[in-house]
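Colleague: Let me begin by handing over the structure; questions about it come next.
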Amino acid sequence: MPLLFLNSYNLSTPSLFRFRNTTYRQHRTWLTIQTRSKIKGSSLSITRAQKADGFDGKEDIVIVGAGIAGLATAVSLHRLGVRSLVLEQAPSLRTGGTSLTLFKNGWRVLDAIGVGSDLRSQFLEIQGMVVKSEDGSELRSFRFKDEDESQEVRAVERRILLETLANKLPSEAVRFSSRLAKMEQTENGETFLELVDGRRLLAKIVIGCDGIRSPVAKWIGFSEPRYVGYCAFRGLGFYDNGQPFEPRVTYVYGRGLRAGYVPVSPSKVYWFICFNSQSPGPKITDPFVLKKQAKELVKNWPSELQSLIDATPDETVSITPLVDRWLWPAISPNASKGKVVLVGDAWHPMTPNLGQGACCALEDSVVLARKLADAINSGTLSIEDAFRSYGSERWPRVFPLTVRANLVGSLLQWENPVACSVRNNLVIPKLVRLGPILEHTNFDCEPLLYRE
Ligand SMILES: Cc1cc2nc3c(=O)[nH]c(=O)nc-3n(C[C@H](O)[C@H](O)[C@H](O)COP(=O)(O)OP(=O)(O)OC[C@H]3O[C@@H](n4cnc5c(N)ncnc54)[C@H](O)[C@@H]3O)c2cc1C
């Protein structure tokens, strides 16, 4: 039931509303904001009258998208005693897909929102990385803890990450088959959200966590992300009798082509192949074609790549054109407009070359949730100011990372034989130091304690 309606009946005492296992006290300031304005009897009757007409109710906080950013934001708010409704276009949580490498900043956030240990127990800790040339010879290897004692690296299955986050929310907190089609601001700063099936909701606050093609970002004024000139095949190899690899990331660097793999668990191994392509090309979903193309690209490369592709179930193989969008100061729109704000890829799509997209989405979630909950609970800061403060705090973090990820990707996708030879025979073996490269994984994050 929307918070709004609970409040309209209980003006004298802070209302209590119960999530799955926890009782929350709803804070007066927020309650005051809601109940003093036109929410009482009249708004209820409008709601009832309009339901037949596709009106699906009024919500305080709507999060668009149940990906990593959306679910982590909902869980963070939930821990801080603030309720939200998540709208997801898909009929269920994403069940296919592969995995993501999460560095220590991602783990700090997962610990802060109470899911770190659940996940740790399911995924192997990755000890280091090895870089090879296309003939399989080793160019360089690193141990993460030698470079940074506090580093923690694990490849996490996306499906399990999403399920673990969703399990921390009340079952009614995520509404599936709810694809946002249109947004419109009302005169008093609320937002009408229209779904593709014609349902409409009115929201006080909208948090756009709807990924790289975000309609919320478009509404704020952001341009489409830009294709960076290469695509990635991805898959998850399954080994019922145990996978044979050491717990380290292996990269193979060629010309305009690179591949990598990393053990995820005792029986699963994630792999990718990035290849240059002038255009994103047609969307291919047939797993037979995808695997054939992927194998063709690395046919003379270390043979484990071929066997990994063979060990990959159809539903986990995919191809993605890689994109990013640079948040140029004074040119790009802000992360928020009024009471509408962006989190994760919706705001700062970045290439995966540093393994930081999801890590940054997790960081965004806790920073935003804290600022929003403080604004709601203290009443000293407006929602708009809280969102501006979130944007100013996060921009210096995500803009340089987006640029850096792009530059690293360009270097790794070089085609020129001389440049590739210098990279593989001089830069990687002699000049690269991993410690400074991983400095961006430092991120302090206090636990979000349950607020009564
Ligand atoms: C090849 C590749 C490898 C990567 N590897 C890593 C890695 O190793 N480490 C790392 O940290 N990051 C990695 N990333 C980045 C990471 O995947 C993203 O940064 C992360 O998924 C962003 O999460 P998100 O929730 O913002 O967006 P998404 O995961 O895209 O979630 C968006 C959600 O919104 C929903 N949605 C979209 N439109 C609508 C709508 N109109 N209405 C309702 N719902 C909607 C979608 O269905 C989806 O559930 C990688 C990315 C790629 C492409």
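Colleague: All but one of (1) more than 30 Å from Leu297 (Cα to Cα); (2) in a loop (DSSP other than H, G, I, E, B) hold for Phe123; which doesn't?
Modeller: Looking at each condition in turn, Phe123 falls short on (1).
Colleague: For the range 221-244, give me the residue count where each residue is in a loop (DSSP other than H, G, I, E, B) and crowded, with 17+ Cβ neighbours inside 10 Å. Write out each step before concluding.
Modeller: Taking the range 221-244 and keeping what is in a loop (DSSP other than H, G, I, E, B), we get 221-225, 239-244.
Retained after the next criterion (residues that are crowded, with 17+ Cβ neighbours inside 10 Å): 222, 225, 239, 243.
Qualifying residue count for the region: 4.
Colleague: Take the range 68-95 and flag every residue that is near the ligand (Cβ under 10 Å from one of its atoms), at pLDDT 95 or above and touching a helix residue (DSSP H, G or I) at 6+ places or on another chain (Cβ under 7 Å).
Modeller: Scanning the range 68-95 gives Ile68, Ala69, Leu71, Ala72, Thr73, Val86.
Colleague: Within the range 330-352, identify whether any single residue is out of contact with any strand residue (DSSP E or B) (no Cβ under 8 Å at 6 or more places or on another chain) and free of Cβ contacts under 8 Å to residues at least 40 places away in the same chain, and answer yes or no.
Modeller: yes
Colleague: Tell me, yes or no, whether the range 385-405 has at least one residue that is touching a residue at least 24 places away in the same chain (Cβ under 8 Å), among the aromatic types (Phe, Trp, Tyr), surrounded by 21 or more Cβ atoms within 10 Å (Cβ to Cβ) and within 16 Å of the ligand (Cβ to nearest atom).
Modeller: yes
Colleague: How many of the residues in the range 369-412 are under 18 Å from the mean Cα position of the chain (by Cα) and not in a helix (DSSP H, G or I)?
Modeller: Residues flagged as under 18 Å from the mean Cα position of the chain (by Cα) and not in a helix (DSSP H, G or I) within the range 369-412 amount to 0.
Colleague: Taking the range 184-220 only, how many residues are within 11 Å of the ligand (Cβ to nearest atom), over 30 Å from Gly106 (Cβ atoms) and outside any loop (DSSP other than H, G, I, E, B)?
Modeller: 2
Colleague: Return the residues of the range 380-426 that are touching a helix residue (DSSP H, G or I) at 6+ places or on another chain (Cβ under 8 Å) and hydroxyl-bearing (Ser, Thr, Tyr); say none if nothing qualifies.
Modeller: Hits for the range 380-426 are Ser382, Ser389, Tyr390.
A quick yes/no check of all residues on (1) closer than 17 Å to Leu100 by Cβ; (2) within 12 Å of the ligand (Cβ to nearest atom); (3) crowded, with 18+ Cβ neighbours inside 10 Å; (4) of a type in the set (D, E, K, R):
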residue	(1), (2), (3), (4)
Asn276	no, no, no, no
Lys283	no, no, no, yes
Val289	no, no, no, no
Trp301	no, no, yes, no
Ser307	no, no, no, no
Val341	no, no, yes, no
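Colleague: What number of residues within the range 413-452 are under 24 Å from Val323 (Cα atoms), in a loop (DSSP other than H, G, I, E, B) and not charged (D, E, K, R)?
Modeller: 3
Colleague: Take the residues in the range 308-342 that are over 24 Å from Gly355 (Cβ atoms) and not in a loop (DSSP other than H, G, I, E, B); name whichever of them is farthest from the chain's Cα centre (by Cα).
Modeller: Among those residues, the one meeting the criterion is Asp310.
Colleague: Would you pick out the residues in the range 343-369 that are within 13 Å of the ligand (Cβ to nearest atom) and in contact with an Asp or Glu (Cβ under 7 Å, 6 or more places away or on another chain)? Working first, answer last.
Modeller: At the first step, the residues of the range 343-369 found to be within 13 Å of the ligand (Cβ to nearest atom) are 343-365, 368.
Correct list: Val343, Gly344, Ala346, Pro349, Met350, Thr351, Gly357, Ala361.
Colleague: Let me ask another. Quick one: is Val269 more than 26 Å from Arg159 (Cα to Cα), in contact with a helix residue (DSSP H, G or I) (Cβ under 7 Å, 6 or more places away or on another chain) and assigned to a strand (DSSP E or B)?
Modeller: No, not satisfied.
Colleague: Condition (residue is over 24 Å from Val317 (Cβ atoms), in a strand (DSSP E or B), within 11 Å of the ligand (Cβ to nearest atom) and not charged (D, E, K, R)) applied to the range 96-116: is it met by at least one residue?
Modeller: Within the range 96-116 (the criterion being over 24 Å from Val317 (Cβ atoms), in a strand (DSSP E or B), within 11 Å of the ligand (Cβ to nearest atom) and not charged (D, E, K, R)), the answer is no, since none of the residues qualifies.
Colleague: May I ask you to list the residues in the range 280-307 that are part of a loop (DSSP other than H, G, I, E, B) and closer than 19 Å to Glu134 by Cβ? Write out each step before concluding.
Modeller: If we filter the range 280-307 for residues that are part of a loop (DSSP other than H, G, I, E, B), which is where we start, we get 280-286, 298-303.
Passing the criteria: Val298, Lys299, Asn300, Trp301, Pro302, Ser303.
The values are calculated or read from the model by the stated rules, or taken from the named source; none is laboratory data. Computed from a predicted model, the values in this text were never measured in an experiment. Note that we place each Cβ from the backbone using ideal geometry, even for glycine, and neighbour counts take in every protein chain shown.
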